[in-house]
Amino acid sequence: MCRHLGWLGAPRSVAALMLDPPQGLLVQSYAPRRQKHGLVNADGWGAGFFDDGVARRWRSDKPLWGEASFASVAPALRSGCVVAAVRSATVGMPIEPSACAPFTDGRWLLSHNGVVDRAVLPVTADAESTVDSAVLAALIFDRGLDALGETVAEVGERDPNARLNILAANGSRMLATTWGDTLSILRLPDGVVLASEPYDDDPQWHDVPDRHLVHVHDSHVELTPLKGPA
Ligand code: GLN
C-alpha cells in the first residue's frame, strides 16, 4: 500500500508537510511504521496542491529520498490544500510518473492506497495510466465525489479483496475513505491533516476506523460509516 497525506487549512509549504516531519512521507518512503502491505514506497511519489484554485502536480517514478531538486523547491511551494503520496507499486502495475498519485480531473486531486481488480471497473478512456488506481480514480471522478462513499462500497462489493483507501481534495473540501488500510487524523488550530499514518508522535493523532468516510470542510470533520457488502 502506498502512503498518502492531505492538508486543508492555512497555507503551508509542501516541504513542511512531506519532508520535514520526523515520520513524514519522506521517511515513510523507506521506513513506514504502519504499512501492512509492502515494505517500502520507492516506486515514485506525487505532490499536488491548489494554487489560486488551480490544481498543480509534481510527480516522479523515482524514490522520494533521491529527489534533491524537489527538496530544494518544496519549501517555496505553499498552499492551503495539499494531496501528496509515496508509492509502492502493486505487482504487475506500470512504473511511470502518470501511475503516481495524485490523479486529477482538473477539479479534484485524488490518491488511492490499496489494490483493486481492474476487471470489476468500467473501461474508460479517461484514466491517466493503466494502473488500477488511475482506472478507479476515473470512475470516482465520473460518478462525482459526492458519491465517493457509495462508489467505494460498490467497488468493494464487486471485488471483496479490494483495499480502497481514497484521499481527495478540491481546495475547500477534503474527503477520505478507509477500506482495508490505516488512516489517521490530526486536527490543528489552523487546519486538518489526514494521513495513512501519523507523521510524528503528537498525541492528538486519532485513528479513523475501517470502512468510514471522512469529510473535512470549513474546519469541521465528519465521520460516517460506509455500508459494507451485505
Ligand atoms: N495499486 C496501486 C499501485 O500499484 C496502489 C499501490 C499501493 O497502495 N501500494 O500503484
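The values are calculated or read from the model by the stated rules, or taken from the named source; none is laboratory data. Here the structure is a predicted model, which means the values were calculated and not measured. Neighbour counts are summed over all protein chains in view; Cβ atoms, including those assigned to glycine, are modelled from backbone coordinates with ideal geometry. Keep in mind that these areas ignore ligands, DNA and RNA; they rest on the heavy atoms of the full protein, side chains included. Shrake-Rupley method; radii C 1.70, N 1.55, O 1.52, S 1.80 Å.
Within segment 69-84, identify whether any single residue is within 16 Å of the ligand (Cβ to nearest atom) and either farther than 18 Å from Ser111 by Cα or touching a residue at least 40 places away in the same chain (Cβ under 8 Å) (or both), and answer yes or no. Explain how you work it out, then say what you get.
The initial filter retains those residues of segment 69-84 that are within 16 Å of the ligand (Cβ to nearest atom), namely 83-84.
Those still in the list that are either farther than 18 Å from Ser111 by Cα or touching a residue at least 40 places away in the same chain (Cβ under 8 Å) (or both) too: 83-84.
Within segment 69-84, one or more residues are within 16 Å of the ligand (Cβ to nearest atom) and either farther than 18 Å from Ser111 by Cα or touching a residue at least 40 places away in the same chain (Cβ under 8 Å) (or both).
Looking only at segment 10-54, count every residue that is open to solvent by 10 Å² or more (accessible area, probe 1.4 Å) and on the phi > 0 side of the Ramachandran plot and tell me the total.
Residues that pass the stated criteria total 3.
Which of the residues that make up segment 163-172 are open to solvent by 10 Å² or more (accessible area, probe 1.4 Å) and either under 19 Å from Leu121 (Cβ atoms) or touching a Phe, Trp or Tyr at 6+ places or on another chain (Cβ under 7 Å) (or both)? Full working, then the answer.
Taking segment 163-172 first, the residues open to solvent by 10 Å² or more (accessible area, probe 1.4 Å) are 163, 170-172.
Matches in segment 163-172: Arg163, Asn170, Gly171.
What residue, of Arg87, Arg118, Arg59, is in contact with a Gly (Cβ under 7 Å, 6 or more places away or on another chain), open to solvent by 50 Å² or more (accessible area, probe 1.4 Å) and within 16 Å of the ligand (Cβ to nearest atom)? Quick ask: steps written out before the conclusion?
On the way: Arg87 fails: open to solvent by 50 Å² or more (accessible area, probe 1.4 Å); Arg118 fails: in contact with a Gly (Cβ under 7 Å, 6 or more places away or on another chain).
Within the list Arg87, Arg118, Arg59, the selection yields Arg59.
For segment 135-150, give me the residue count where each residue is under 20 Å from Leu25 (Cβ atoms) and more than 14 Å from the ligand (Cβ to nearest atom).
Summing the residues that are under 20 Å from Leu25 (Cβ atoms) and more than 14 Å from the ligand (Cβ to nearest atom) in segment 135-150 gives 0.
Could you figure out which of (1) at negative phi; (2) surrounded by fewer than 18 Cβ atoms within 10 Å (Cβ to Cβ); (3) under 18 Å from the mean Cα position of the chain (by Cα) isn't true of Gly144?
The number of the failed condition is (1).
Is it the case that segment 151-161 has a residue that's near the ligand (Cβ under 10 Å from one of its atoms), open to solvent by less than 10 Å² (accessible area, probe 1.4 Å) and touching a strand residue (DSSP E or B) at 6+ places or on another chain (Cβ under 7 Å)? Reasoning before the result, please.
In the first step, residues of segment 151-161 are kept if they are near the ligand (Cβ under 10 Å from one of its atoms); the result is none.
Checking segment 151-161: not a single residue is near the ligand (Cβ under 10 Å from one of its atoms), open to solvent by less than 10 Å² (accessible area, probe 1.4 Å) and touching a strand residue (DSSP E or B) at 6+ places or on another chain (Cβ under 7 Å).
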